[in-house]
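No lab work stands behind these numbers, since they all come straight from the coordinates. Predicted model, so just to flag it, every value in this text is computed and none were measured. Reconstructed Cβ throughout: ideal geometry from the backbone, glycine too, with neighbour counts over all protein chains shown.
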Amino acid sequence: MKKLRVLAMMHADLVPPDDISGLTDTEVAPYKTEFDVVSTLRELGHHVRPLGVLSDLGVIREAIADWEPDIVFNLLEEFDGIATYDQHVVSYLELLRAPYTGCGPRGLMLSRDKALAKQILSYHRIQVPDFAVFPRHRAIRRPRRLHFPLFVKSLVEEASLGISRASIVENDEQLAERVRFIHQRIGTDAIAEQYIEGREVYVGIMGDQRLKVFPTWELLFTKMPEGAPRIATRKAKWDFAYQKKWGIISKEALDLPPGMENLIPRIAKRIYRSLGLDGYARMDMRLSEDGQVYVLEANPNPQLAYGEDFAESAEKAGVDYAALLQRIINLGLRRGARPA
Ligand SMILES: Nc1ncnc2c1ncn2[C@@H]1O[C@H](COP(=O)(O)OP(=O)(O)O)[C@@H](O)[C@H]1O
Ligand SMILES: [Mg+2]
């Protein structure tokens, strides 16, 4: 295998130390993905240079001009603290003619806005929860077609930011309160969706012309009392103690209803193509109790830490972590510096 010069682009606060021995899981958690990617690519023999980016494009331009990497490994999820600017940084890489890993600006933009993505998916007859957008600085009025219970979240944020038990609302008063919470505390427009009760599954997928779909993964709450809503709140995703308390784990989805084993990967591929995704992605879906598949969102460049859902489901399909990162690089190199 050819040894490459890989510029690993990441948030400046998340540039990992070379050695994490002696550190606790909690200490490593913030930069675990960055550490796993950099150390594994080095184990593969690549020459890896981590590049911390905060609010200055100049550092990217200089690193590319001075060091001439074969590829930029994109681990950046925001620019200057603004999550929606990630797509602009990727556009900048394209303008510099620098090959990079993961999704291009078009796919990032189309999937970021949870309403726009749903509009495109429903055009392609992919089932999504009914929804309405509640922009900031406007009266909060529920369209009559939208029935309770509803689920309120940020239109564009990720990682379950602003999601808790209170995201499920049962009446207009609770709806208005939660929409205001998103406007004020998260600082973005809000979307309210039909609340889908049921199993929560994640589907990893990668490729360009040919797509590889990994086994369907399921989020389980093994110690949650009967009747308590099972949703991937901020705490469920990131708080180790909370995960332990409620037995929150994820693993291959077993005993799917008849037909779903084939249907889910087919839907994942259709989402990937409909939203112009490339590189790698993870689709979040819910299987309702009446046997329907609903798409919650598409995540281009999903969380890539070793042992997390995407990498675990790849491993189950026979693609170990090092091989997964190498494939991600190969896809980036194959696309090259030209726009799709
Ligand atoms: N319409 C919905 N019905 C039921 N649960 C939902 C719905 N939308 C979101 N959730 C819950 O909230 C979690 C986070 O929502 P998601 O849209 O995936 O946003 P994020 O980008 O923060 O991951 C989901 O994993 C799911 O548990
Ligand atoms: Mg999600």
Item to complete: Using +1 at the Cβ of each Lys and Arg and -1 at the Cβ of each Asp and Glu in the range 197-318, identify which of Thr222, Asn299, Leu263 lies farthest towards the dipole's positive end.
Response: Asn299
Worksheet entry | Theoretical FRET efficiency, 1/(1+(r/R0)^6), r = Cβ-Cβ of Leu116 and Met1, R0 41 Å, to 0.05 | 0.55
Worksheet entry | Residue pairs, from the table Lys212/Lys245; Lys235/Lys269; Lys223/Lys316; Lys32/Lys212; Lys245/Lys269; Lys114/Lys237, whose Cα atoms sit over 28 Å apart | Lys212/Lys245; Lys235/Lys269; Lys245/Lys269
Discussion item. Under a Cβ-only charge scheme (Lys and Arg +1, Asp and Glu -1), can you give me the dipole magnitude of the chain about the Cα centre, in debye to the nearest 20?
Written reply: 1080 debye
Item to complete: Express as a percent, rounded to the nearest 5, the fraction of DSSP beta bridges in the chain (both residues included) that run antiparallel.
Response: 75 percent
Item to complete: List Tyr100, Tyr85 from most exposed to least, where exposure is judged by having the fewest other Cβ atoms within 10 Å.
Response: Tyr85, Tyr100
Practice prompt. For Gly279, enumerate residues with amide H under 5 Å from its amide H, sequence gap 5+ or separate chain, H modeled in the peptide plane.
Written response: Gly207
Worksheet entry | Relative contact order (%) - the range 197-318, alpha-carbon pairs under 8 angstrom, separation at least six | 34 percent
Worksheet item: Label Asp130 and Glu289 with points 7 Å out from Cα along Cα→Cβ: what is the distance between them in nm?
Response: 1.8 nm
Fill in: Test item: Cα-centred dipole of the range 77-169, Lys/Arg +1 and Asp/Glu -1 on Cβ, debye
760 debye
Worksheet item: So for Trp238, Trp217, fewest C-beta neighbours within 10 Å to most, what's the order?
Response: Trp238, Trp217
Worksheet item: Which value in nm describes the separation of the simple spin-label points at Glu226 and Lys244, placed 7 Å from the Cα toward the beta carbon?
Response: 2.9 nm
Worksheet item: Can you sort Phe148, Phe221, Phe134, Phe73 so the residue with the fewest Cβ neighbours within 10 Å comes first?
Response: Phe148, Phe221, Phe134, Phe73
Discussion item. Could you tell me what a quarter of the Cα convex hull surface of the range 197-318 works out to, in nm² with one decimal place?
Written reply: 7.7 nm²
Fill in: Positive minus negative residues near Ser288 (Lys, Arg vs Asp, Glu; Cβ under 12 Å)
-2
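Could you give the length gained on full extension between Asp56 and Ala159, defined as 0.36 nm per residue of separation minus the Cα-Cα distance, in nm? Could the numbers behind the result be given before it?
Values: separation 103, 0.36 × 103 = 37.08 nm, distance 2.42 nm.
Residue separation times 0.36 nm, minus the Cα-Cα distance, leaves 34.7 nm.
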Fill in: By average C-beta atoms within 10 angstrom, highest first, the peptides 86-97, 49-60
86-97, 49-60
Worksheet item: At q = 0.12, 0.18 Å⁻¹, what base-10 log of I(q)/I(0) does the Debye formula yield for the range 5-102 when every alpha carbon is treated as an equal point scatterer in vacuo?
Response: -0.37, -0.82
Worksheet, complete the sentence: Gyration tensor (Cα only) of the range 141-193 to equivalent ellipsoid, semi-axes in Å sorted down, yields 17, 11, 10
Discussion item. Quick check: net charge around Ser122, other residues with Cβ under 13 Å of its Cβ, Lys/Arg +1 and Asp/Glu -1?
Written reply: +2
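Once you charge only the Cβ atoms, +1 for Lys and Arg and -1 for Asp and Glu, what is the size of the charge dipole of the range 136-240 about its Cα centre, to the nearest 20 debye? Walk me through the numbers on the way to the answer.
Values: 19 positive and 14 negative charges, 46 e Å.
Its charge dipole is roughly 220 debye.
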Discussion item. With the crude spin-label approximation of a point 7 Å out along Cα→Cβ, what separation in nm comes out for Glu78 versus His137?
Written reply: 2.2 nm
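Expressed as a whole percent, how much of the Cα-Cα distance distribution for the chain exceeds 39 Å?
Result for the distance tail: 13 percent.
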Fill in: Residue-averaged 222 nm ellipticity for the chain, from DSSP H runs of 4+ at -39500 (n - 2.57), nearest 500
-9500 deg cm²/dmol
Practice prompt. Using R₀ = 25 Å, calculate the FRET efficiency as 1/(1 + (r/R₀)^6) where r is the Cβ-Cβ separation of Lys212 and Gln303; round to 0.05.
Written response: 0.85
Worksheet item: Going toward the positive end of the dipole of the range 184-340, with +1 on Lys and Arg Cβ and -1 on Asp and Glu Cβ, which of Tyr202, Gly332, Leu277 do you reach last?
Response: Gly332
